[in-house]
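First up is the structure itself, then whatever we jot down about it.
The values are calculated or read from the model by the stated rules, or taken from the named source; none is laboratory data. Predicted model only: the values in this text are computed from it and were never measured. Quick reminder, even Gly has a Cβ in these numbers, built from the backbone with ideal geometry, and neighbours come from all protein chains shown.
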Amino acid sequence: MTNHILAIDQGTTGTTVLIFDRDTQIVGRAYAEFTQFYPRAGWVEHDAAEIWRVTLETAGRALASAGLSARDLRAIGITNQRETVLAWNRHTGEPAHRAIVWQDRRTAAFCDDLRSRTGVTEMIRAKTGLVIDPYFSGTKLRWLLENVPGLRAGAEAGDILFGTIDSWLIWNLTGGAAHVTDPSNAARTQLYDIHRGDWDSELLSLMEVPARGLPEVRSSSAVLGHTTADGFLGAGGIAIAGVAGDQQAALFGQACHGPGLAKNTYGTGSFLLMHTGSSTLRDPGPLLSTVAWRIGDQPLEYALEGAIFVTGAAVQWLRDGLGLIAAAAETEALARSIPSNDGVYFVPALTGLGAPHWDPYARGLIAGLTRGTGRAHLARAALEAMAYQTRDVTRAIEAQTGIALTELRADGGAVGNSFLMQFQADLLGVPVEVPRVSETTALGAAYLAGLATGMWQDREEIRATWKLASRFEPGMSIAERERLYTHWTKAVEKSRGWAA
Ligand code: G3P
C-alpha cells in the first residue's frame, strides 16, 4: 500500500483537495470555488450536482499536481461544511432541490414556533446539545419535505435519500453503494441523540422527517466504503476511511485530542471548539455541545463549540458584494495603512448571529462612519470583527467551563494574515499559535483516514507530526483592549433583532 492520503475539504465557498504523505507534507493540491445562490434575503443554496462535479475535478487536479494517479492512493478522507442538507433520488442520483446551506435563515419562524412549545427547547438541548436556530439541518429538511412537490411521498416510499454533504459525496464516490455519515456530522442535524449515538424518533417526529431516507451513522475513522471506477476517476476499490464535519476535523488536525485543548478555525465563519473528553458539559450556556468524533469502535468523544457564522465571509463580501478589494490578501496592507480603527466597527451579522447571541434576526451593521472613513477602515473593521467575535466566544467558554484560556491554536485561510493573528492575541491577552500545516481541516480528515488504514498507528504518532510554525504574543495594554471591546459590544447590541 502506498503512503498517500487524499483529503477532500468540501467547504462553504469552495472545495480544497490536498494530498498528504506520512510526514504530513502536502504533495499535491487544488482548489475551486462553486456557485452561491441567494434566491431571497436570508436564503443561501448550493447546487449539489455542481459540488460533486467540482469536487471530482479538483481531486483530479490535485492528483495531477502530485504526479500521482488515483490508484496510488492509500485512502480518502472527507471533511465538509456541516448542517448543509439535501435530498436526492436514489435511482437517478438527482438532487430533488438545491441544498439548503447552513447559513440559510428561512426556517426562523418555525424555530420561533418550536421555542414557544413547552419543554421543546430543553428536550432538544438535552438530546442534541444544540440550541433552536435555523442553523441546523432538521428544520431545513422539514422545509424541503413541505415545499418540494412529491418529496415526502418519495421519502416514505424509499425513493429519496437525505444527507449532509459528506453523505452525498460518499454516495457518489461509491456509485450509490454506501449511504452513510459519521457522528460528528449527524450531531449537527438536530435529529440525532449525541448521548445514545443514534437517530432519535422524538426529534424525527418533531421535524416531521421520515427515518427511511436517513444515512446509517458509522464512525469518523473506519472504512466506510470503497470507490467505484465510475465514481472516482477510473479508480475503483480505494477506501473512504475518514469522515468528519470540518470543524471537528480541524480539532483533530490540531492534535486537540484531549479535554481542555481548543482551536479556532478562520474560514467562512469561525468555529472555536474545545475537546471535553467522553462527556459533554452539564450546562453549555450559549455554546453548543457536539460530537467531536468516534474513532473505530471506541466511545464517542465530545466538544464544546462556539459557532461564529461570518468572519472570512465578511472579507469575501467586501470583495464580491462591494468590489472594495480585488483579493482577500489585500486586507492586511489596508489594515496596516491606518494607525487605528478610528472608531469604525463592522458587525458582520450577514446571516444573523450565532454564538453567544443566537439571533437569526440580527443583520450586518457598520458603525462609526465619518467623512474620513475609507476602504482601509472597512477592511480593518472586517478583520477586527473576526477577533472581537472570537473574544465573545472565548468569554462564554471561560464562563461555562471555569477554565481560563492560556493559548489559542488557530488555523484556516486567515491565519496567513499576521495583522489579524497579532490583533487576536492582543485582544484575548493570550498567545495565538499557528501550526505548520494551516489547512488543519483537510489534515484532520487525512489523519482520520490514515489512522483507519494503518498509516499512523495511534494518536500519539499523529501528535508527533504536529509542528508549530509561529506564535503571536499579546502586546496591547489592558485599557486599550477593553476600550475597543466595549465599542464592539455596543455595535453588536445595535445589530440585534434588526430583521424581526
Ligand atoms: O457549521 C458550518 C461550518 O462547518 C462551515 O465551515 O469552513 O465552510 O466555514 P466553513
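Observations, loosely collected:
- Only residues that are part of a loop (DSSP other than H, G, I, E, B), away from the ligand (no atom under 16 Å from the Cβ) and either buried (at least 23 other Cβ atoms within 10 Å of the Cβ) or not aliphatic (A, V, I, L, M) (or both) were counted across region 216-237, and they come to 10.
- Check on ALA464, small (Gly, Ala, Ser), assigned to a helix (DSSP H, G or I) and surrounded by fewer than 21 Cβ atoms within 10 Å (Cβ to Cβ): yes
- Filtered residues of region 325-345 (kept if under 23 Å from GLY372 (Cβ atoms) and in contact (Cβ under 8 Å) with a residue 60 or more places away in the chain): THR331, GLU332, ALA335, ARG336, ASN341, GLY343, TYR345
- Where ALA399 falls short, out of the listed (1) in contact (Cβ under 8 Å) with a residue 40 or more places away in the chain; (2) surrounded by fewer than 19 Cβ atoms within 10 Å (Cβ to Cβ); (3) in a loop (DSSP other than H, G, I, E, B): (3)
For (1) within 15 Å of the ligand (Cβ to nearest atom); (2) touching a Leu at 6+ places or on another chain (Cβ under 6 Å); (3) free of Cβ contacts under 8 Å to residues at least 12 places away in the same chain; (4) more than 29 Å from TRP456 (Cβ to Cβ), each residue gets a yes or a no:
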| site | (1), (2), (3), (4) |
| --- | --- |
| ASN3 | no, no, no, no |
| PHE20 | no, no, no, no |
| ARG40 | no, no, no, yes |
| GLU50 | no, no, no, yes |
| ARG71 | no, no, no, no |
| ALA99 | yes, yes, no, yes |
| LEU114 | no, no, no, yes |
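- Matching option when the condition is modelled with pLDDT of 95 or more, assigned to a strand (DSSP E or B) and either away from the ligand (no atom under 16 Å from the Cβ) or more than 23 Å from LEU233 (Cβ to Cβ) (or both), among LEU145, LEU141, LEU130, LEU161: LEU161
- Unique residue being over 18 Å from GLY231 (Cα atoms), surrounded by 24 or more Cβ atoms within 10 Å (Cβ to Cβ) and either over 17 Å from the mean Cα position of the chain (by Cα) or hydrophobic (A, V, I, L, M, F, W, C) (or both) when the list is ILE5, ILE19, ILE78: ILE19
- Reported count of residues in region 238-274, each being modelled with pLDDT under 95, away from the ligand (no atom under 16 Å from the Cβ) and either over 30 Å from GLU433 (Cβ atoms) or in a loop (DSSP other than H, G, I, E, B) (or both), is 7.
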